[in-house]
Every structure is written in C-alpha cells, then in structure tokens.
Amino acid sequence: MKEFLRGVMYCIGLLLLALGIILNTKTGLGVSPIISIPYCISNIFKVNLGNATLVIYILCVVGQMILRGKKFRSFDLLQIPMSIIFSQIINIFNKMITLNTDSLALKLLWLAAAILLTGIGVAISVEMRFVPNAADGFTQALSKRIRKGLGLSKNIVDISCVLITVFIGVLFAGKIVGIGLGTLAAVIGVGRSIALFNLFFKKKMVALAS
C-alpha cells in the first residue's frame, strides 16, 4: 500500500513541477535556469518545448554517466523514460495554459504561484525516492564528483544554464531570450519554497516513503 501511495505522490509531484515550469514560462518575465536552455531553443528555432526539454534532460543523463563513471547505475537510465513522460506533460500544459494579461502585478502573482508549485513539485518527487528528475540527478552527480555541497552544485548548474542560454540567444537571435526577473526569482524562490513545504510536510512525506 505504501508503495502505491509513494507512486501516486511521485506522480503528483511531477505534475506540479511541470505546471510550475509552464506557468513560469507564460509570465514572460524570464524562466527558471534549468528550463531556460530548452525554452530559448524552442523560441528561436520553433521547436516543441517538450521535445527540446527532453533533449536537454537526456544530455543531463549523459553528463551523469561521465561524472559518475563506474559508479553510474543502470537504474539511473530510468531517468530517460521518465523524461519522455515528463516532456509530454510539459507539452500538454503548454498547450492548455494561456495567460492573457499585460498587468505586471498579475504577472508577478502568476510568477509567485509558478515558483511555489515548482518548489512543491521538487520537494514531493525527491522525497518519494523514485527515479530522480534528470536535471536533479545531474546536480547530485556533480556534487559528489567535486565533493561539494548540493547547494553549491545547484548554483553552478543554474549559472551555467543561464550563461549557455544567453550565449545561444545572442548568437542565433541577436538578443537574450528567456532570462529576466523571473529567472532570478526562481533561483531564490524555488529553494525557499522547497524549504517552506518541507518545514510543514517533510516528516509526513518521509513517513509515507519509508
């Protein structure tokens, strides 16, 4: 029964994460670092956002192979089918959701909701201890490789994603695409949202997952 509940909660976490990511992109204020690369590619080359995200996530799995070396587990390859499912969820939400507003105040409210949903989605999916999100798996692999804290590794990954996004945008579009206030807000806010959610619900989630 607990395994079933963990599976249900894991799926809920993925849905909330995908919803938060798409809401973030719809505000037009700048997207979170990890989704900024596929978002930029999608906008410049008119590629499906979910498919662009899938490619980046597969590259994250390849990166884990390189960073972990012989310690890479065959189990970690399950991140690829999980990424395929996740990218399709992103496509569904991307088609369903439209934010038609020019009000900065409303955009900021939607941005806050997006960041909160993203944080909750990450917190739930991680605590259920199933297949990790490919981007999170890459961050964890980097943390172990450089023997530094997960927080520092997350900062390195985020900064790298932003720099790559800026490079792609300037090179192929002559401008920065997808980076803005929302990007900075996501860097700060997602971590705080995870901490806040865990403060009230982590013990219950751990009890469920154990």
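The values are calculated or read from the model by the stated rules, or taken from the named source; none is laboratory data. On a predicted model such as this, the values are computed, not experimentally measured, just so you know. What goes into the accessible areas is simple: the full protein's heavy atoms, side chains included, and nothing from ligands, DNA or RNA. Shrake-Rupley method; radii C 1.70, N 1.55, O 1.52, S 1.80 Å.
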Carbon and sulfur together cover what percent of the accessible area of the chain at a 1.4 Å probe radius? 70 percent
More than 20 Å apart: what percent of Cα pairs in region 97-172 qualify? 55 percent
Could you state the per residue volume, in Å³, of the convex hull enclosing the Cα atoms of region 35-132? 119 Å³
Roll a 1.4 Å probe over the protein chains and send me the accessible area per residue for the chain in Å². 53 Å²
Working out 0.36 nm times the residue gap between Asn51 and Ala113, then minus their Cα-Cα distance, what length gain in nm do you get to one decimal? 19.9 nm
Where does region 144-210 land on Rg(C-alpha)/(2.2 N^0.38 Å)? 1.52
Over the residues of the chain, compute the C-alpha Rg and express it relative to 2.2 N^0.38 Å. 0.99
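Relative to the present Cα-Cα distance, how much length would full extension add between Met65 and Lys148 at 0.36 nm per residue of separation?
28.0 nm
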If N is the residue count of region 1-80, its Cα Rg over 2.2 N^0.38 Å rounds to 1.32
